[in-house]
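Working notes, beginning with the structure itself.
Taken together, the values in this text are just the output of simple stated rules run on the coordinates, not laboratory data. Keep in mind the model is a prediction, meaning the values are calculated, not measured. Note: ideal-geometry Cβ built from the backbone for every residue, glycine included; neighbour counts use all protein chains shown.
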Amino acid sequence: MMAAVLYGKENLRVEPVAVPAFGQGDLLVRVRAALTCGTDVKVFRRGYHARMIVPPAVFGHELAGDVIGVGEGVTRFRPGQRVVAANSAPCDDCYFCRRGVPNLCEDLLFNNGAYAEYIRIPSRIVEKNTHEIPAWVSYQDAALVEPLACVVRGLEETGIRPGDNVTVIGLGPIGLMFVRLARLYGAGRVIAIGRRKTQLERAEAMGATDLISTHSVPHPVPLVRQLTQGRGTDIALEAVGKPETWHWAADMVRRGGTVNFFGGCPNGTEVRLDTALLHYSEITCKASFHHTPAHIRKALDIVAHGHITARDFVNREEPLANLLDVMRHLMSHNGHLKTAIIP
């Protein structure tokens, strides 16, 4: 089969490799759609991911496809079924799993290899984090489930309530999902902060009530406070991953409000926050990482009900052979929508 193998920093080759062997409890899936992701771009740029992938390895992790092989002992799936598989599964037995945070599992099993004609789904992921795709849901819609699950968890971690003012900083696909879900969860006002006109237009289409362009308003905190009667936003969602925007999020939230530093800054980054502000205003700071099987199920349900669709987040289709050019394009600036890679 043909697959995209990452050998190191910006060293990617689409080449023939063996079809993955699969064993007891596993599935072999023919990939029908694999979506690009900001994490994959970071992995491509850096040449590795300490927890997810060590080169040389086939990479990519947002996928949907058809079951073509079933390992011994698998009873929930059969050849011909359309499935979406998450990129990880917890052990359900470690310290963190027993305390209800399986995303922090000490033995979290990751799976990569979506940028290929076929992918093996390990038995643990088959058991805990693989689902049949409803008949009316497309492959590309289903492949959105993994990133959407991360966003669902991030939003729910803020304790959002109907009528809340929610501010989203950063309007790439993740930020746009936050905008859409905030409205779905009942936010009264959603303030979207982004740099490019196209991003702001997309956010408005997703349900944003107020748009702030950092091109014309380079320091948006005072305007956010003005839009929220001087108090500040109830919830600030940072989806950029820069120290400057982490500061904005902390500075624009109201007393008793919640910040989610969802965007991960580069390794080694340190951010200094005003301790008096955090303490005397009782600001809650969260930093959500990854998803859980429960959030994967919620995300699939949201997709199945048509609240999130690929047409809003995927604007290109490319064959697997063009993946290197696609990655270089996505590196050109932040905020690109997703590309569907069709092996």
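Laid out as a table, the results:
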{"read-out": "With Cα atoms, 0 to 90° folded angle of helix 173-184 axis to the chain main axis", "value": "70"}
{"read-out": "Percent breakdown of C-alpha pair distances by 5 Å bin, ordered from the shortest bin, for segment 45-111", "value": "4, 14, 16, 17, 19, 18, 10, 2"}
{"read-out": "Net dipole in debye of segment 158-286 [+1 Lys, Arg Cβ; -1 Asp, Glu Cβ; about Cα centre; nearest 20]", "value": "240"}
{"read-out": "Likely footprinting exposure, Phe313, Phe178, fewest C-beta neighbours within 10 Å first", "value": "Phe313, Phe178"}
{"read-out": "Trypsin sites (Lys or Arg not before Pro) restricted to DSSP loop in segment 8-81 with at most 15 other C-beta within 10 Å", "value": "Lys9, Arg51, Arg76"}
{"read-out": "Linear extension gain, Phe110 paired with Ile342, 0.36 nm per residue minus alpha-carbon span", "value": "81.3 nm"}
{"read-out": "Using distinct alpha-carbon pairs, which all enter the 1/r mean, Kirkwood radius of segment 159-301 in Å", "value": "15.2"}
{"read-out": "FRET efficiency estimate (nearest 0.05) - Cβ-Cβ, Tyr7 to Arg30, R0 30 angstrom", "value": "0.75"}
{"read-out": "Pairs beyond 20 Å (Cα-Cα), from Lys9/Lys42; Lys242/Lys298; Lys42/Lys338", "value": "Lys242/Lys298"}
{"read-out": "Rounded if a/c under 1.5, otherwise prolate or oblate - segment 1-112, Cα gyration tensor axes", "value": "oblate"}
{"read-out": "Given the chain, longest segment not containing exposed loop GluC sites (Glu not before Pro) (DSSP; at most 12 other Cβ within 10 Å)", "value": "107-269"}
{"read-out": "Between helix 243-252 and the chain: long-axis angle, C-alpha atoms, 0 to 90°, nearest 10", "value": "50"}
{"read-out": "Net charge over other residues, Cβ less than 14 angstrom from the Cβ of Arg45 (K, R count +1; D, E count -1)", "value": "+2"}
{"read-out": "C-alpha long axis of helix 197-206 to longest principal axis of the chain, angle in °", "value": "80"}
{"read-out": "Leu278, Leu171 arranged by Cβ crowding within 10 Å, fewest neighbours leading", "value": "Leu278, Leu171"}
{"read-out": "Calculated FRET value between Arg316 and Ala294, using beta carbons and R₀ = 51 Å, to 0.05", "value": "0.95"}
{"read-out": "Using alpha carbons only: equivalent-ellipsoid semi-axes of the chain, gyration tensor based, whole Å", "value": "35, 21, 19"}
{"read-out": "Farthest toward positive dipole pole in the chain [+1 Lys/Arg, -1 Asp/Glu at C-beta], among Asn315, Leu300, Gly207", "value": "Gly207"}
{"read-out": "Positive-end extreme of charge dipole, the chain - chosen from Met331, Thr233, His49 (charges on Cβ)", "value": "Thr233"}
{"read-out": "Cα centroid separation - segment 31-68 against segment 279-330, whole Å", "value": "14"}
{"read-out": "Two-decimal ratio, segment 98-196, of alpha-carbon radius of gyration to 2.2 N^0.38 Å", "value": "1.31"}
{"read-out": "Reference-scaled alpha-carbon Rg (2.2 N^0.38 Å with N residues) for segment 9-68", "value": "1.24"}
{"read-out": "Residue order, fewest to most surrounding Cβ atoms within 10 angstrom, among Met327, Met252", "value": "Met327, Met252"}
